[in-house]
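Visitor: This is the structure I have questions about; it appears just below.
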Amino acid sequence: MKKIQMVDLKGQYDEIKDLVNTSILEVLETTAYINGPKVHQFQKNLEEYLGVKHVIPCANGTDALQIAMMGLGLKPGDEVITADFTFAATVEVIALLQLTPVLVDVNEDDFNINIEAIKKAITPKTKAIVPVHLFGQCANMEAIMEIAKAHNLYVIEDNAQAIGATYTFKNGTKAQAGTIGHVASTSFFPSKNLGCYGDGGAIFTNDDDLAHIIRGIVNHGMYERYHHDVVGVNSRLDSVQAVVLDAKLPHLNTYNNKRQEAARKYNKAFQGNKNIITPKVTNGCEEICDTCDCHVFHQYTLRILGSDRDALVKHLNEKGIPCGVYYPIPLHKQKAYEGSRYNEADFPVTNQLVKDVISLPMHTELDDEQIEFITSTIIKFING
Ligand SMILES: *Cc1c(COP(=O)(O)O)cnc(C)c1O
């Protein structure tokens with residue numbers, strides 16, 4: 001059996017190696033290293049793929065979130081509601097901009113931000129909601145957009161984990177993850193569903209004015225050369241990353257389908273085991289369907305009941321099976337973000353999930369033998 005890896009990027013590289021190598025050499029020869037025509041070309045291709053008016057490439061997904069918030073003109077003291085169960089980048093940029101993060105609980109089934117908890121957290125100071133499309137599936141965007149409309153709030157989608165996922169509204173219309181809110185951010189970190197070979201990120205919006213503002217912010221607040229109209233940052237995508245992304249973009253749907261295929265096999269193996277809760281597909285879909293990309297499985301995350309999750313992690317590592325715990329500590333309990341505003345009774349789900357969850361190897365190169373070894377090792381451990 002091939003050595004099992006949490007993330008395996010070599011197979012993808014081998015498939016597009018000739019194109020990537022020649023494109024990178026071309027960048028080196030033409031010397032347009034940053035913001036050159038290759039970045040523009042990738043931007044156009046991603047706009048077309050997503051069906052969004054504006055993609056603004058930038059240096060990474062954390063910057064993308066920060067710049068989106070700067071572009072909306074959020075001011076110190078404004079409250080921004082986001083999920084307690086996510087990667088720290090989401091809350092970090094809120095705090096960095098001296099906005100007030102308001103962390104709320106998530107759903108037990110899909111791990112995404114809980115709608116009732118959002119409603120409860122709204123105050124006159126609330127200015128924005130940041131839903132995180134966790135592990136590859138959209139938060140309940142229809143309900144979030146309704147709340148935002150009723151309270152005049154901005155919605156910033158953190159789409160670092162769900163690029164290529166589709167969201168289906170109750171009336172049947174579909175939209176790509178990251179094109180529903182006022183603005184969205186994504187990350188091209190190598191292990192994300194669309195990853196480059198370094199750092200990269202992008203902001204998406206359908207709002208022409210906001211896109212213009214953001215294009216200046218990413219480049220030192222410059223709209224005209226050496227005229228700095230607003231305080232900006234330096235956050236640019238380089239051309240080497242752009243050609244890698246452009247080589248991979250035509251394969252994104254295939255990559256996501258391979259992840260879904262692996263998820264189906266995992267689900268099938270765990271079916272019927274009372275102590276293993278497999279990931280739930282929500283937002284109108286019952287299961288991983290062939291017709292829509294409702295879940296693109298950035299992570300395949302189980303909940304383990306009735307056994308010691310940490311002992312399972314240790315056991316799997318001993319057997320040569322890598323796994324991850326995303327996330328082991330609720331953000332509201334992290335030293336940097338804890339605060340007197342939080343009441344433990346408001347976080348029953350996150351407080352439980354941090355004890356239960358385990359993410360299994362998930363990438364485009366998993367084979368049947370590996371999946372069978374991973375699932376049988378887990379089942380044997382759980383069944384004692
Ligand atoms: C990866 C990730 C980010 C940050 O992206 P970087 O490119 O690593 O800065 C932000 N939010 C979420 C949910 C992520 O998973």
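Visitor: Only one residue in Asp84, Asp78 is open to solvent by less than 10 Å² (accessible area, probe 1.4 Å) and under 19 Å from Tyr342 (Cα atoms). Which one?
Guide: Only one candidate passes the filter, namely Asp84.
Visitor: With (1) part of a helix (DSSP H, G or I); (2) touching a Pro at 6+ places or on another chain (Cβ under 8 Å) as the list, and Val80 as the residue in question, which single condition is left unmet?
Guide: The number of the failed condition is (1).
Visitor: How many residues are within 22 Å of Thr62 (Cβ to Cβ), more than 16 Å from the ligand (Cβ to nearest atom) and either among the charged types (D, E, K, R) or within 22 Å of the chain's Cα centre (by Cα) (or both) if we restrict to region 211-252?
Guide: 5
Visitor: Within the group Val91, Val104, which residue is surrounded by 20 or more Cβ atoms within 10 Å (Cβ to Cβ) and away from the ligand (no atom under 14 Å from the Cβ)?
Guide: Every option except Val104 fails the conditions.
Residues checked against (1) open to solvent by less than 60 Å² (accessible area, probe 1.4 Å); (2) closer than 28 Å to Asn35 by Cα; (3) at pLDDT below 95; (4) not in a helix (DSSP H, G or I):
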| position | (1), (2), (3), (4) |
| --- | --- |
| Tyr223 | no, yes, yes, yes |
| Val243 | yes, yes, no, no |
| Lys258 | no, no, no, no |
| Glu261 | no, no, no, no |
| Arg264 | no, no, no, no |
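Visitor: Look through Lys335, Lys380 and report the one residue that is open to solvent by 60 Å² or more (accessible area, probe 1.4 Å), basic (Lys, Arg) and over 30 Å from Lys268 (Cα atoms).
Guide: One residue alone meets the criteria, Lys335.
Visitor: Report the residue count in region 36-82 for those that are in contact with a helix residue (DSSP H, G or I) (Cβ under 6 Å, 6 or more places away or on another chain), farther than 21 Å from Ile163 by Cα and not aliphatic (A, V, I, L, M).
Guide: 2
Visitor: Does region 184-193 contain any residue that is aromatic (Phe, Trp, Tyr), in a loop (DSSP other than H, G, I, E, B) and buried (at least 24 other Cβ atoms within 10 Å of the Cβ)?
Guide: Looking for residues that are aromatic (Phe, Trp, Tyr), in a loop (DSSP other than H, G, I, E, B) and buried (at least 24 other Cβ atoms within 10 Å of the Cβ), one finds at least one in region 184-193, hence yes.
Visitor: Here is a follow-up. List, please: which pairs have Cβ atoms under 6 Å, are six or more places apart or on different chains, and start with a residue in region 168-191 that is farther than 17 Å from Gln137 by Cβ and end with one that is open to solvent by 50 Å² or more (accessible area, probe 1.4 Å) and within 14 Å of the ligand (Cβ to nearest atom)?
Guide: Short answer, once both residue conditions are applied: Ser191/Val7.
Visitor: Looking only at region 19-38, decide whether some residue is open to solvent by less than 10 Å² (accessible area, probe 1.4 Å), more than 30 Å from Lys335 (Cα to Cα) and either outside the structural domain of Ala121 (by TED's automatic domain parsing) or hydrophobic (A, V, I, L, M, F, W, C) (or both).
Guide: Yes: one or more hits.
Visitor: Out of everything in region 38-55 that is of a type outside the set (Gly, Ala, Ser) and in contact with a Ser or Thr (Cβ under 8 Å, 6 or more places away or on another chain), what residue ends up being nearest to Ser235 (Cα to Cα)?
Guide: My answer is Val39.
Visitor: Here's a follow-up. Within 16 Å of the ligand (Cβ to nearest atom) and either more than 30 Å from Asp367 (Cα to Cα) or touching a Pro at 6+ places or on another chain (Cβ under 8 Å) (or both) - does that describe any residue in region 9-20?
Guide: Yes: one or more hits.
Visitor: Looking for something touching a residue at least 24 places away in the same chain (Cβ under 8 Å), of a type in the set (Asp, Glu) and either out of contact with any Asp or Glu (no Cβ under 8 Å at 6 or more places or on another chain) or more than 30 Å from Leu360 (Cβ to Cβ) (or both) - is there at least one such residue anywhere in region 210-233?
Guide: no
Visitor: Within region 306-384, which helices (runs of 4 or more DSSP H) (wholly inside it) include 2 or more residues that are in contact with a helix residue (DSSP H, G or I) (Cβ under 8 Å, 6 or more places away or on another chain) and within 30 Å of Thr254 (Cα to Cα)?
Guide: The qualifying helices (runs of 4 or more DSSP H) are 368-383.
Visitor: Regarding Asn273, is this residue assigned to a loop (DSSP other than H, G, I, E, B) and either open to solvent by less than 70 Å² (accessible area, probe 1.4 Å) or modelled with pLDDT of 95 or more (or both)?
Guide: yes
Visitor: Of (1) part of a strand (DSSP E or B); (2) farther than 22 Å from Leu97 by Cα; (3) over 20 Å from the mean Cα position of the chain (by Cα), Lys127 satisfies all except one. Which?
Guide: (2)
Visitor: Among the residues of region 28-35, are any within 16 Å of the ligand (Cβ to nearest atom) and not aromatic (Phe, Trp, Tyr)?
Guide: no
Visitor: Inside region 179-189, can you point out the residues that are of a type outside the set (A, V, I, L, M) and more than 12 Å from the ligand (Cβ to nearest atom)?
Guide: Thr179, Gly181, His182
The values are calculated or read from the model by the stated rules, or taken from the named source; none is laboratory data. Source: prediction; values computed, not measured. Cβ coordinates were reconstructed from backbone atoms using ideal geometry, including for glycine residues, and neighbour counts include every protein chain displayed. Side chains included, ligands, DNA and RNA excluded: accessible areas come from the protein's heavy atoms. Shrake-Rupley method; radii C 1.70, N 1.55, O 1.52, S 1.80 Å.
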